[in-house]
Amino acid sequence: MENPDWYIIDKVDELDTPALVVYPERVSYNIDLLKAMVDDVARLRPHAKSHKSAAAAKLMIRKGIIKFKCATIAEAEMLGMAGAKDVLLAYQPAGPKLKRFIEVIKTYTDTQYSCLVDNEQSALEISEQAIANDLIIPVFIDLNIGMNRTGIKSVDALALYSRCNALPGLSLKGLHAYDGHIHDSDFEVRRKRSDEAMQPVLQLIKDLQKQGFEKPLLIAGGSPTMPIIKEIKDAELSPGTFVYWDKGYGDAYPEQPFKPAALLIARVISLPDEAKICIDLGHKSVSAERPLNERVFFLNAPELKFVSHSEEHLVADAGAGHNYKVGDVLYGLAFHACPSVALYERALTVEDSIISGEWKTIARDRKINI
């Protein structure tokens, strides 16, 4: 049984707050668990959006995961710096972003980069830039399977696939299908919705093969549907949150027993009245897109009810007669790790209850070098 005080940090009173800390041993556990959930590690293409850290990426690489997915040029560059062998920019680069993407490809030549396309005009622009720079750029057709954010509907994708396959400078690799709109807690409901969303994609694959194309590579599924998508033979899987995990996914997806591996350390800074306490964990320190009481959960103060949240302050009702005092340290588990981690330029590492170093969150910046 796990020690309930696993998160306690020695000499935490010396730590300035708010701070992001990670527990590398637990990160390692989560990577190993992910690998154990699939039949072949080569099918794993984790998303870098959660950690944005070369140190975390290198840990995965050392454990045999060499393919990754990302959404920004900075994340793509960070993965190249870390030594990733294969990186999908799960974004359709346009304007200056396309030029930056070309520079990343030319700079990190040991990494194979690819990107998404969902319309002919963008495909033509990528083709032109590839030719101008003497490159062959691998591309995936981005499919809209219900999220209605980007992508082309599967029933309309055959013509675009054929067109992209004929364009010089492009190497058509397959299909990308992200289902971020499917996040039901009930596993069977989630399975039903995932199967319905993927049915047109699987039909498209059959239609492409009937047209004489080789079977396209399919990259699909985030953390919620990864246990379902993995049943599609040879599909590559792109979970991201697993690496640090969070309160939201931990509550919603108990069938995925990943361990929380990153916490937000905060401190009581004021006692505004007999029942309330003020904590130094504002909007700038924890993601605030969720309802007020679904932003952070304090492991050593689970009873707190939040009453207001502003840029640098989080006010909580601790009840009349509480024992909190100014200076008390709180260990917070974010409900949504990905945007919360991006608020910190570095994560302090905690090993054997001691702060041992740091992992810089270098890809939280819009630009690293390129």
### Message
Counting only protein heavy atoms and a 1.4 Å probe, tell me what percentage of the chain's accessible area is made up of carbon and sulfur.
### Response
49 percent
### Message
Distances longer than 14 Å among the Cα atoms of the range 55-121: what percent of all pairs is that?
### Response
53 percent
### Message
Give me Rg/Rg_expected for the range 1-101, where Rg uses Cα atoms only and Rg_expected = 2.2 N^0.38 Å with N residues.
### Response
1.31
## Note on the structure
Place a point 7 Å from the Cα of N3 in the direction of its beta carbon; the residues of the range 17-61 whose amide N falls under 19 Å from it are 21-30
### Message
Can you bin every Cα-Cα distance in the range 110-234 into 5 Å intervals starting at zero and give me the percent of pairs per bin, rounded to whole numbers?
### Response
2, 11, 21, 21, 18, 13, 8, 4, 1, 0, 0
### Message
I'd like to verify something in the chain: which complete DSSP H helices, judged by Cα projection on the helix axis, reach 15 Å or more and average at least -0.5 on the Kyte-Doolittle scale?
### Response
24-36, 96-107, 120-132
### Query
Label points 7 Å out from Cα along the Cβ direction at E188 and D251: separation in nm?
2.4 nm
### Query
Long-range amide H contacts for K69: which residues qualify at under 5 Å (H placed 1.01 Å from N, peptide plane, sequence gap of 5 or more or a different chain)?
H47, A48, L88
## Note on the structure
The distance between the Cα centres of the range 299-370 and the range 224-262, in whole Å, is 22 Å
### Task
Two decimals is fine: what's Rg over Rh for the range 254-344, C-alpha atoms, Kirkwood radius as Rh?
0.97
### Value of [θ]222 nm, deg cm²/dmol, for the chain, DSSP H segments ≥ 4, -39500 (n - 2.57) each, nearest 500
-8500 deg cm²/dmol
### Accessible-area order (highest first, 1.4 angstrom probe) of the listed residues R366, R26
R366, R26
### Task
Hey, can you find the accessible area per residue of the chain for me, probe 1.4 Å, expressed in square angstrom?
44 Å²
### Summary
Taking N as the residue count of the range 211-263, its alpha carbon Rg divided by 2.2 N^0.38 Å gives 1.43
### Query
Given the range 214-370 reduced to its alpha-carbon atoms as identical point scatterers, what log10 I(q)/I(0) does the Debye formula return at q = 0.12, 0.16 Å⁻¹?
-0.63, -0.98
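The values are calculated or read from the model by the stated rules, or taken from the named source; none is laboratory data. Note that this is a predicted model, so its numbers are computed, not measured. Please note: Cβ atoms are built from the backbone with ideal geometry, for glycine as well, and neighbour counts cover all protein chains shown. Note: accessible area is taken over every heavy atom of the protein model, side chains too, but ligands, DNA and RNA are not part of it. Shrake-Rupley method; radii C 1.70, N 1.55, O 1.52, S 1.80 Å.
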